[in-house]
Structures are given as C-alpha cells and as structure tokens.
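So the structure is just underneath, and the comments pick up after that.
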Amino acid sequence: MKKPGRPSSYTPEIAREICERLAAGESLRSICRDDHLPARSTVALWVVEDTQGFSAQYARARDIGLEVMAESLTEISDDGVNDWMETNDPDNPGYRVNGEHVQRSKLRVDTRKWLLSKLAPKRYGDSSTLALTGPDGEALNLSDTERAEKIAALLAAAQQRKADDDASDLV
C-alpha cells in the first residue's frame, strides 16, 4: 500500500503545470503549497539534476513569469479604482485620498521592481548597478580608490533619487 503524501517523482504533467503557473507569474512557493504538487525542495532538485530536461523548461517559465511581473507594474500604477473615498463628514463632504490604498500600490510596485532588479539585473536592474561591469558582463578590475569613488557616486545618486521620490510623495 502506497503512503499518502506529496508526489516526489517527476512526471511531465506535473512539470508542465509547474511551468505554466510560473510563466503566469505565480511564485514557486505558492505553487508548491498545493497538496497535489511536490515540495519546493523537490522541484529545486529537479532543476539542479536537470531531470528529463526540466532545467530549460523551468528557466523559460521563470523568464516569462518575470515579463508578466514587469507588465503588471503598469497595471498596478494605472489602477486608481480605490484611490479616492467618499467622506462621511457632513461638515466636509466630498472625497479624500485613500492613503492606505495608494501606499499599498506603491509598495506593490516597489517590491516588484526590486525583485525584478535582483532576479534579472541585466534586463531590469538600475543602470548605475551595471556600471561596475565591463561590456562582457565581467567585473572590472578597479583599484580600491577607484572602487570607493564609484561606490560613493552610486550611493550619492541613490540618495538623490530617494530624496526626489520622497519629495514627489509630498506633492
């Protein structure tokens, strides 16, 4: 009698479902919560061992999923459905900004932008992050002084962007 539990054997059907859901933008953690699918560690093992060519399928699905995430940034930013709410104050009728919704949307956009910049830095990273690599993507051989100067310039630019973002939030 077979023990009940999560599947651990690779099948093309399970691989297809995982890749379809990854390509739709769902996280592997979320996918693997389903009882009929293997644990996240099992899927990772399939990728590492390239079980029946799964590594390439997985990489393509992840890549498509990143595109879906990037496309969602515009949708989230453009969606103003709950940005305003009607006031219940008879002395001050009308609408006011729903700050909680606006801030949640900003957090959703910022989180996705950060994640994209880490998972696919060449495509979605900040160009200043890429300044420390050569044209072939290899790290540049810089002296400690040159490296410190570049890092200081990057930090100053990042601080200026943050100050500009903070100022625009006040407007």
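Quick note: the coordinates plus some simple rules give every number you see, no bench work behind them. Everything quoted here is computed from the prediction, not taken from an experiment. We place every Cβ from the backbone using ideal geometry, glycine too, and count neighbours over all the protein chains shown.
Here are the numbers:
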{"quantity": "Pair-distance profile P(r), taking every C-alpha pair of region 1-57, with 5 angstrom steps and integer %", "calculated": "4, 19, 32, 27, 11, 4, 1, 0"}
{"quantity": "For the chain: rounded, prolate or oblate by the Cα gyration tensor [a/c cutoff 1.5]", "calculated": "oblate"}
{"quantity": "Listed peptides 10-18, 96-104 by packing density, highest first (mean Cβ within 10 Å)", "calculated": "10-18, 96-104"}
{"quantity": "Relative contact order, percent, the chain [alpha-carbon distance under 8 Å, six or more residues apart]", "calculated": "14 percent"}
